[in-house]
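Worksheet for the structure shown next.
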Amino acid sequence: MLDIPRTDALYDKVKRVIPPIEWPAFVDDIEAILALKRRRNAVILAHNYQTPEIFHCVGDIVGDSLALAREAVNTDADVIVLAGVHFMAETAKLLNPEKTVLIPDMGAGCSLADSITAEDVRLMRQHYPGVPVITYVNTSAAVKAESDICCTSGNARAVVESLGVPRVIMIPDEYLAKNIAAETDVEIIAWKGHCEVHERFTGADIRELREANPGVVVLAHPECPPEVVAESDFSGSTAAMSDYVGREKPHRVVLMTECSMSDNVAVAHPDVEFVRPCNLCPHMKRITLANIRKALEENQHVVTVDPEVAERARRAVERMLAVK
Ligand code: 13P
Ligand code: SF4
């Protein structure tokens with residue numbers, strides 16, 4: 001009996017979201033990446049916003065920022081390739097100082113990470129003495145190093161409440177801070193950073209979607225403006241949205257988030273209809289099969305963090321990982 005080539009089996013998995021005419025363009029890179037991973041004892045960590053040929057066909061550990069950070073600690077690979085953005089690669093490096101961490105494109109940034117510097121955090125501390133600083137993982141290691149603890153969209157409320165204080169500073173995402181403030185009694189002092197992808201959604205978008213798609217269930221990422229979260233049926237991290245679809249099996253759903261998310265979730269849920277107004281993250285989209293292959297072939301681009309900064313930043317990330 002003929003062996004089915006591995007890529008055929010992979011196509012079977014993604015055929016609902018990748019048209020047959022596009023698939024041949026991916027096969028050569030996928031085969032090369034699978035071989036390179038074995039040869040280099042490498043793993044690929046892929047965020048939920050990666051395109052399906054990356055997420056489903058070469059990703060080893062996939063999920064939201066929290067899952068990627070948690071799993072980065074557990075891998076025994078020698079090389080970690082981060083199919084995502086730079087702050088995620090830095091977090092993986094903080095947690096694995098002895099491993100090689102590669103990002104296929106150094107330009108894969110994040111508007112939230114760009115919105116604040118370490119100096120800004122020091123000034124905030126001077127302005128609010130004694131108030132603990134919670135820093136969203138979507139920041140540089142230098143900003144994390146100035147912080148008491150990190151959070152992701154998946155654990156933000158738990159982190160806020162874990163500190164047992166009446167007031168916290170939560171940086172840099174103003175909307176995440178406001179959305180969490182609506183769920184807790186803890187007072188939250190915010191920064192003015194925004195995600196360039198999620199800030200574009202509006203409450204009017206949701207009303208139009210509901211009118212055009214009767215019965216649609218609306219899930220929104222907490223980086224969306226508070227009016228969007230208020231008009232949605234559920235708000236949570238990318239993993240929480242994916243879990244919601246699996247658990248509730250809505251007949252029709254819209255994910256107010258980055259475009260690839262719906263494709264990746266749709267693969268496992270053929271009975272759910274995905275309505276797809278979405279916004280692309282230009283940073284996530286810099287990662288491609290071709291540059292993942294090149295990263296493994298040429299050992300580029302190596303992610304480094306100054307050891308003194310890394311030590312302080314790691315404390316803030318590890319303190320977050322200890323919050324249940
Ligand atoms: P998650 O932590 O929900 O995966 O979100 C990361 C991100 O960059 C969202 O824009
Ligand atoms: Fe940053 Fe927004 Fe892109 Fe996420 S979607 S990486 S928060 S710019």
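The values are calculated or read from the model by the stated rules, or taken from the named source; none is laboratory data. These numbers come from a predicted model, not from an experiment. All Cβ positions, even for glycine, are placed from backbone atoms using ideal geometry, and neighbour counts span all protein chains on display. Just so you know, the surface numbers come from the protein's heavy atoms only, side chains and all, with ligands and any DNA or RNA stripped out. Shrake-Rupley method; radii C 1.70, N 1.55, O 1.52, S 1.80 Å.
Accessible surface area normalised per residue over the chain is 43 Å², counting heavy atoms of protein chains with a 1.4 Å rolling probe. If amide H atoms are built 1.01 Å from N in the plane of the peptide, which residues on other chains or at least 5 residues away come under 5 Å of the amide H of Val101? For Val101, the qualifying residues are Ile80, Val303.
By average Cβ neighbour count within 10 Å, what is the ranking of 167-177, 82-92 from highest down? Don't jump to the answer; show the numbers that get you there.
Working: 167-177: 24.2, 82-92: 27.2.
Ranked from most to least packed, the peptides come out as 82-92, 167-177.
Kirkwood radius and radius of gyration were both taken over the C-alpha atoms of the chain, and their ratio Rg/Rh is 0.98. For segment 131-251, the Cα-based Rg and Dmax, in that order, read 15.2, 47 Å.
Mind jotting down a quarter of the surface of the convex hull over the alpha carbons of segment 60-126, in square nanometres, one decimal? It would help to have the intermediate numbers written out before the result.
Details: hull surface 21.6 nm².
The directionally averaged projection comes out at 5.4 nm².
From its DSSP helices (H runs of at least four residues, each -39,500 (n - 2.57)), the chain gives a residue-normalised ellipticity at 222 nm of -12500 deg cm²/dmol. Between the listed residues Asn299, His47, Ala230, the Cα displaced farthest toward the positive end of the dipole of the chain, a dipole computed from Cβ unit charges relative to the Cα centre, is found at Asn299.
Just need the Rg to Rh number for segment 1-124, please, alpha carbons only, Kirkwood Rh. Don't skip to the answer; put the middle values down first.
On the way: Rg = 16.8 Å, Rh = 16.0 Å.
Rg divided by Rh gives 1.05.
Two decimals is fine: what's Rg over Rh for segment 271-317, C-alpha atoms, Kirkwood radius as Rh? It would help to have the intermediate numbers written out before the result.
On the way: Rg = 17.7 Å, Rh = 14.6 Å.
Over the Cα atoms of segment 271-317, Rg/Rh equals 1.21.
Packing, taken as the mean count of other beta carbons within 10 Å per residue, orders the peptides 222-233, 119-130, 266-277 from highest to lowest as 222-233, 266-277, 119-130. With the convex hull drawn over the C-alpha atoms of segment 190-273, the volume per residue is 91 Å³.
Take the residue pairs Lys13/Lys99; Lys285/Lys324; Lys144/Lys178; Lys15/Lys249; Lys13/Lys249 and return only those whose Cα atoms are more than 22 Å apart.
Values: Lys13/Lys99 31 Å; Lys285/Lys324 32 Å; Lys144/Lys178 20 Å; Lys15/Lys249 20 Å; Lys13/Lys249 19 Å.
Pairs exceeding the cut-off: Lys13/Lys99; Lys285/Lys324.
Accessible surface of the chain, 1.4 Å probe: 51 percent of it comes from carbon and sulfur atoms.
Equivalent-ellipsoid semi-axes (√(5λ), Cα gyration tensor) for segment 128-197, whole Å, largest first?
Working: eigenvalues 54, 42, 24 Å².
The three semi-axes for segment 128-197 are 16, 14, 11 Å.
From the P(r) of segment 68-200, could you give the percentage of C-alpha pairs in the tail past 18 Å? The proportion of pairs with Cα distances above 18 Å equals 55 percent. Segment 110-153 and segment 231-294 have Cα centres separated by 28 Å.
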